[in-house]
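I have a structure here, written as structure tokens, and I will follow up with some questions on it.
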Amino acid sequence: NIEVKERKETFMIKFGNAYVYLNNQGYMLKIAEEKLSLPILTGIKTQEQDIHEGNRLCEEDLQKLEEILKIMEAANSQSIGSFITEINIEDKQNYILRLEKEKKTVQLGDTSNLSTKMLHIVEIIENEKDVEGEILVNTDLSKGSVFRKKV
């Protein structure tokens, strides 16, 4: 028996005035104008001429995608995965998450101690409801995380 599973959109990248839907393995499934409620990946290294339906992200982006999947798993385990609207993957030592609905940006750092970092993020989201700012969990967490209000 051959079992066929349809690839499912997991992330998007902006491509001109459109979006490229990606699955969790980095395959480009579709290019469309409709913005889905999926996180947008920014800071990718894949060249524009390589962006076509059926192609995959470049090797460097695929390696970062593995880490992004870990980040999303940790965020979903704390019920904040749906808050993430954008992930900047330019620097794998400091992933940047945008939580648009919460009006917050998260300087996550690398993927070490993700469960602890997510707990800090949840705490700040609860304590700083409706306050726009930046959450820093890319620091020494033994001293706690930092929230900077936008001025």
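Mind listing whichever residues of segment 55-71 are free of Cβ contacts under 8 Å to residues at least 40 places away in the same chain and out of contact with any Phe, Trp or Tyr (no Cβ under 7 Å at 6 or more places or on another chain)?
Result: N55, L57, C58, E59, E60, D61, L62, Q63, K64, E66.
With I71, I31, I51, I40 as the choices, which residue is at pLDDT 95 or above and more than 17 Å from K14 (Cα to Cα)?
Going through I71, I31, I51, I40 in turn, just one is at pLDDT 95 or above and more than 17 Å from K14 (Cα to Cα): I71.
Identify the residue in segment 45-86 that is open to solvent by 40 Å² or more (accessible area, probe 1.4 Å) and of a type in the set (S, T, Y) and, among all such residues, is farthest from K104 (Cα to Cα).
S77
Could you run through segment 1-26 and say how many residues are open to solvent by less than 70 Å² (accessible area, probe 1.4 Å) and more than 16 Å from the chain's Cα centre (by Cα)?
Matching residues across segment 1-26 total 3.
Restricted to segment 1-28, and to residues that are β-branched (V, I, T) and over 14 Å from D61 (Cα atoms), which residue is modelled with the lowest pLDDT?
Step by step, filter segment 1-28, then rank; the result is V4.
Could you please give the count of residues in segment 38-57 that are within 15 Å of the chain's Cα centre (by Cα) and of a type in the set (G, A, S)?
The total comes to 1.
Got a sec? Which of N23, N88, N76 is polar (S, T, N, Q) and more than 26 Å from E123 (Cα to Cα)?
Of the residues listed, the single one that is polar (S, T, N, Q) and more than 26 Å from E123 (Cα to Cα) is N23.
Take the residues in segment 106-141 that are assigned to a strand (DSSP E or B) and of a type in the set (G, A, S), then tell me which one is surrounded by the most Cβ atoms within 10 Å (Cβ to Cβ).
Within segment 106-141, the match that is surrounded by the most Cβ atoms within 10 Å (Cβ to Cβ) is G109.
Does K103 count as surrounded by 14 or more Cβ atoms within 10 Å (Cβ to Cβ), of a type outside the set (A, V, I, L, M) and on the phi > 0 side of the Ramachandran plot?
Considered against the rule, which asks whether it is surrounded by 14 or more Cβ atoms within 10 Å (Cβ to Cβ), of a type outside the set (A, V, I, L, M) and on the phi > 0 side of the Ramachandran plot, K103 comes out as yes.
The values are calculated or read from the model by the stated rules, or taken from the named source; none is laboratory data. Being a predicted model, the structure only gives us computed values, none of them experimental. Neighbour counts run over all protein chains shown; Cβ positions are idealised from the backbone, glycine included. For accessibility, only protein heavy atoms count, side chains too; no ligands or nucleic acids. Shrake-Rupley method; radii C 1.70, N 1.55, O 1.52, S 1.80 Å.
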